[in-house]
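This report refers to the structure that appears directly beneath it.
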Amino acid sequence: MAGNGDASAGDSGSLPPHVPLPLPSGRFVLYGTLAELSLVPVAWLLGWLTGLWDWNELSGDFRQFPSFLSLARGVVATLPMLIMLVVVLKASGEAFRRMRRFLQDGLLPHIRNSSLPALLCLSLAAGLGEEWLFRGMLQQGLLTWWDGLPVPVGILIVAVIFGACHWITHLYFLLATLTGIYLGWLYQYSGSLVEPVLAHALYDFIALVVITRRDDEPGAEPFGTEDLEDRGKEEAEPGVDQPE
């Protein structure tokens with residue numbers, strides 16, 4: 001993309017010394033998309049090997065186009081997760097600041113120059129791959145194989161595994177686990193993967209756009225600037241207690 005070389009040079013110069021230089025945006029998004037998509041055949045293969053479904057059942061599901069109602073429910077189901085995103089971006093607690101610093105230092109440099117189509121592909125791949133594996137295979141399989149297991153317990157077990165796979169900070173783990181519970185309930189309630197896949201993908205896309213485009217808004221503070229300033233003050237005055 002035009003101008004990426006100059007932008008990358010400026011970005012890497014502003015990163016704290018402990019943060020490694022990021023991969024180019026295009027390569028990072030490509031690798032991430034391929035990795036997320038690879039979870040789909042993994043889920044299919046595991047489901048087939050464990051007898052959860054056969055290939056005829058699986059192919060039959062793909063011949064049914066999602067209904068308008070399913071698509072609409074998936075879009076509406078994104079709203080609670082977007083409220084959670086606003087809380088993460090605005091809350092003042094140290095755990096939230098630490099999470100925003102990860103977004104600033106660990107994620108943003110990798111995706112800052114990504115195009116909207118690239119972010120959309122990554123989001124769709126994450127929705128498809130993770131929902132097929134965690135809800136379509138693990139949750140459905142656990143409730144099928146473990147006779148008498150209460151549905152809420154099955155949803156919780158899979159959600160904790162989902163959260164552990166996203167354990168970047170303690171708060172990230174907690175929020176990912178809550179998201180897993182919500183998506184697990186959505187799958188169980190709807191009886192279809194359409195709603196959780198669409199909600200997951202749409203949320204990821206909006207979150208990535210917000211993170212990458214916030215710097216471009218006229219008059220807006222760069223993403224995470226206030227958190228970096230707080231961290232600088234804490235490092236400069238180690239003996240002074242900082243309010244939450």
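Would you mind getting me the FRET efficiency between Trp48 and Phe102? Use the beta-carbon distance for r and R0 = 45 Å, nearest 0.05. It would help to have the intermediate numbers written out before the result.
Working: r = 37 Å, r/R0 = 0.82.
Once rounded, the FRET efficiency stands at 0.75.
Within 10 Å of each residue's Cβ, count the other Cβ atoms and sort Glu57, Glu130, Glu36, Glu94 from fewest upward. Before the final figure, lay out the partial values.
Details: Glu57 11, Glu130 25, Glu36 21, Glu94 14.
Final ranking by Cβ density, sparse to dense: Glu57, Glu94, Glu36, Glu130.
May I ask for the percentage of alpha-carbon pairs in segment 22-234 that lie more than 27 Å from each other? All intermediate terms of the calculation are to be shown ahead of the outcome.
Details: 7895 of 22578 pairs.
So the pairs more than 27 Å apart make up 35 percent of the total in segment 22-234.
Assuming 0.36 nm per residue, please report the length gained on full extension of the stretch Ser38 to Ser92 beyond their Cα-Cα distance. Can you show the working numbers first?
On the way: separation 54, 0.36 × 54 = 19.44 nm, distance 3.71 nm.
Stretched out fully, the Ser38 to Ser92 stretch lengthens by 15.7 nm.
His166 versus Leu71, label points 7 Å from Cα toward the beta carbon: distance in nm?
Between His166 and Leu71, the simple spin-label model gives 2.5 nm.
FYI, it's all coordinate maths here, none of it is from the lab. Just so it is clear, the model here is predicted, and its values are computed rather than measured. Cβ atoms come from the backbone with ideal geometry, glycine included; neighbour counts cover every protein chain shown.
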